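Before any comments, here is the structure.
The values are calculated or read from the model by the stated rules, or taken from the named source; none is laboratory data. Owing to the predicted nature of the structure, the values given are computational and were not obtained by experimental measurement. Note: ideal-geometry Cβ built from the backbone for every residue, glycine included; neighbour counts use all protein chains shown.
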Amino acid sequence: MLDCRLDRQPGAPALVDQLVRAVTARVADRRLVAGDRLPSIRQLAREHRLSTFTVADAYGRLVSMGVLASRRGSGYRVADGGGTGMGTGGDGDDGGIADRAGSAFGSGDSDRALHHWSPPALTAEWLLSDVFADRSIPIKAGCGWLPESWANLGGLQQALRSLSRTPSLPVSHYGHPYGWGGLREYLGKHLRQAGLPTDTSHVLLTQGATQALDLVTRLLLRPGDVVAVEEPAYCNLLQILKLAGLRVVGVPKTVDGLDVEALDRIAAHERPKVLFINSVLQNPTGVTLTPACAHRLLNCARHHGMWVVEEDIYGPLAGAQAPQLAAMAAFDRLILIGGFSKTIAPSLRVGYVAADPSVITELARMKMAVGLTSSEIAERIVHKVLLEGHHARHVAALRERLADAHRHAESRLDALGAELFHRPRAGLYLWARLPTRTAPARLAADASSAGVWLAPGSFFMTDDAPCAWYRFNVAHCDAPALWTFLRRACG
């Protein structure tokens, strides 16, 4: 049994951080040495009345820090050198391991993380340009990515090792304008299995899904054109469209996907050229289009001559096969955008566009004009992870972990008396209205001062109007300080 004294009092550090600290302390003082086996995730969770989600997160952080090693069939063991030489202390100085452990506490240990810290101003400009550089906010309940410890680190390392052994690895020239052929071929086959009539001529690789959205916007639209989006909508998409000088009209979201009657009225009156939609586990509501809503949406778009741009980066996290507009429309005035930031790593910046070959040709020309080729090295890494990095198993584990995180976040929000727009039990997001009279901008600023990043609804609205709804990323909602702050704010 691993003896851990956990503090469950309000305001205490997150349980996952306490667990990480307890293990690193035992390795540092030699109570655990290289090769020692730790309890299984389920055993430790049972012994200390923790969720398996909490223990798995702690073990994942310890592996990424180099304190633990994990091998299939043998569980978690103290890594070789786990107690010495892990930091800057050297020669038996265990200060290094404490420093490395401290770097993992940013999401929960508020006292340490907030020392000599000033909160940023949470504006749309910060969200667009500084959010990824600003790592000062300890509890990122409103962010749009998974915790670093949730990444498939082993799969990435295996892919990098395998790629490094590739003879004549191309590093001294630009990649292909359409992207590396091996990954395009893989995607063509994958999309065919999902019911889309694709081969490599239908696929263009991009620098992440965001570049794909920008290229499609440049191709289909001109300044002053009208576009329709879901409301609430993906905040970066709204910024792309506004920077392009477009007039953006919002269509209300429903738990079935989209208010198609409202879309029909808007299309008749405003004549939008394009509808942008996040079809599966939408950001920020977590809603997935039902088959009936998807069919009605496509019929409405055809009737009004609209292009449909479908973003589907969360599809792998949905589990059961969700309806894909592209499969229903067979690329008839429809463009599909995907990427790997949520299931492999955001830093690789690999996305793709699937569309009719004539559209792909024009997008490739535009891609070269505004940014030249995408990174062949990154594309090869993604391909290796997909084929050799146990990717399917990793994604299945992510789905289970996210479902657990959803249950925990839902129960906490229910206890506050919050209104939940939808309960997807999958993906990253919950969209919730908090029972407080504090203005959203004020509440977000107060939260930031307390070390909590909230994402108020105005970030996701076409007119930036104040909104009492908030986006919660369930993977970052396991910090007691978050719920302590929200209980005070909603009390």
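Things to note:
- Of all residues making up segment 403-413, the number that are touching an Asp or Glu at 6+ places or on another chain (Cβ under 9 Å) and surrounded by fewer than 19 Cβ atoms within 10 Å (Cβ to Cβ): 1
- Answer residue from segment 431-444, given it is in a helix (DSSP H, G or I) and over 23 Å from the mean Cα position of the chain (by Cα) and is modelled with the lowest pLDDT among those: Ala441
- Residue match in segment 43-51 (condition: more than 30 Å from Arg487 (Cβ to Cβ) and either surrounded by fewer than 20 Cβ atoms within 10 Å (Cβ to Cβ) or in contact with an Asp or Glu (Cβ under 9 Å, 6 or more places away or on another chain) (or both)): yes
The rows are residues; the columns are (1) in the same structural domain as Ser358 (by TED's automatic domain parsing); (2) buried (at least 21 other Cβ atoms within 10 Å of the Cβ); (3) closer than 30 Å to Gly451 by Cβ; (4) modelled with pLDDT under 95.
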position: Ala133; (1), (2), (3), (4): no, no, yes, yes
position: Ile137; (1), (2), (3), (4): no, yes, yes, yes
position: Ser162; (1), (2), (3), (4): yes, no, no, yes
position: Trp180; (1), (2), (3), (4): yes, yes, no, yes
position: Gly195; (1), (2), (3), (4): yes, no, no, yes
position: His202; (1), (2), (3), (4): yes, yes, no, no
position: Leu220; (1), (2), (3), (4): yes, no, no, no
position: Ala228; (1), (2), (3), (4): yes, yes, no, no
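Per-residue answers, yes or no, for (1) crowded, with 24+ Cβ neighbours inside 10 Å; (2) modelled with pLDDT of 95 or more; (3) in the same structural domain as Phe459 (by TED's automatic domain parsing); (4) among the aliphatic types (A, V, I, L, M):
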residue: Thr206; (1), (2), (3), (4): yes, yes, no, no
residue: Thr210; (1), (2), (3), (4): no, no, no, no
residue: Ala233; (1), (2), (3), (4): yes, yes, no, yes
residue: Ile240; (1), (2), (3), (4): no, no, no, yes
residue: Val251; (1), (2), (3), (4): yes, yes, no, yes
residue: Leu263; (1), (2), (3), (4): yes, yes, no, yes
residue: Ala268; (1), (2), (3), (4): no, yes, no, yes
residue: Pro272; (1), (2), (3), (4): yes, yes, no, no
residue: Ile277; (1), (2), (3), (4): yes, yes, no, yes
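- Test result for Ile344, outside the structural domain of Cys467 (by TED's automatic domain parsing), outside any helix (DSSP H, G or I), farther than 26 Å from Arg407 by Cα and among the β-branched types (Val, Ile, Thr): no
- Boolean, Ala294 is crowded, with 23+ Cβ neighbours inside 10 Å, in a helix (DSSP H, G or I) and not assigned by TED's automatic domain parsing to the domain that holds Phe459: yes
- Segment 364-376 - residue that is surrounded by 16 or more Cβ atoms within 10 Å (Cβ to Cβ) and under 25 Å from the mean Cα position of the chain (by Cα) and, of those, nearest to Ser164 (Cα to Cα): Glu376
- The single condition among (1) at pLDDT 95 or above; (2) in a helix (DSSP H, G or I) that His422 does not meet is (2).
- Any hit, segment 349-365, residues being within 19 Å of Leu213 (Cβ to Cβ), in contact (Cβ under 8 Å) with a residue 24 or more places away in the chain and touching an Asp or Glu at 6+ places or on another chain (Cβ under 9 Å): yes
- Output for segment 342-353, where each listed residue is closer than 21 Å to Pro177 by Cα and surrounded by fewer than 24 Cβ atoms within 10 Å (Cβ to Cβ): Ser347, Leu348, Arg349
- Residue tally, condition buried (at least 19 other Cβ atoms within 10 Å of the Cβ) and either of a type in the set (A, V, I, L, M, F, W, C) or in a loop (DSSP other than H, G, I, E, B) (or both), over segment 392-402: 2
For (1) of a type in the set (Gly, Ala, Ser); (2) within 22 Å of Ala233 (Cα to Cα); (3) surrounded by fewer than 21 Cβ atoms within 10 Å (Cβ to Cβ); (4) more than 21 Å from the chain's Cα centre (by Cα), each residue gets a yes or a no:
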{"site": "Ala415", "(1), (2), (3), (4)": "yes, no, yes, yes"}
{"site": "Leu420", "(1), (2), (3), (4)": "no, yes, yes, no"}
{"site": "Tyr429", "(1), (2), (3), (4)": "no, yes, no, no"}
{"site": "Gly451", "(1), (2), (3), (4)": "yes, no, no, no"}
{"site": "Thr462", "(1), (2), (3), (4)": "no, yes, yes, yes"}
{"site": "Trp469", "(1), (2), (3), (4)": "no, yes, no, no"}
{"site": "Asn473", "(1), (2), (3), (4)": "no, yes, no, no"}
{"site": "Thr484", "(1), (2), (3), (4)": "no, no, yes, yes"}
{"site": "Arg488", "(1), (2), (3), (4)": "no, no, yes, yes"}
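- Of the helices (runs of 4 or more DSSP H) that lie entirely inside segment 140-227, those containing 1 or more residues that are over 25 Å from the mean Cα position of the chain (by Cα) and more than 21 Å from Ile277 (Cα to Cα) span 153-164, 181-193.
- Taken together, the criteria exclude Pro323 from residues that are at pLDDT 90 or above and either surrounded by fewer than 24 Cβ atoms within 10 Å (Cβ to Cβ) or touching a strand residue (DSSP E or B) at 6+ places or on another chain (Cβ under 7 Å) (or both).
- Test set (1) at pLDDT 95 or above; (2) under 24 Å from Ile277 (Cα atoms) - Asp464 fails condition number: (1)
- Any chance Ala409 is under 19 Å from Leu281 (Cα atoms), touching a Ser or Thr at 6+ places or on another chain (Cβ under 9 Å) and either part of a loop (DSSP other than H, G, I, E, B) or at pLDDT 95 or above (or both): no
- With respect to the conditions (1) touching a helix residue (DSSP H, G or I) at 6+ places or on another chain (Cβ under 6 Å); (2) under 30 Å from His406 (Cα atoms); (3) among the hydrophobic types (A, V, I, L, M, F, W, C), Val249 lacks only one, and its number is (2).
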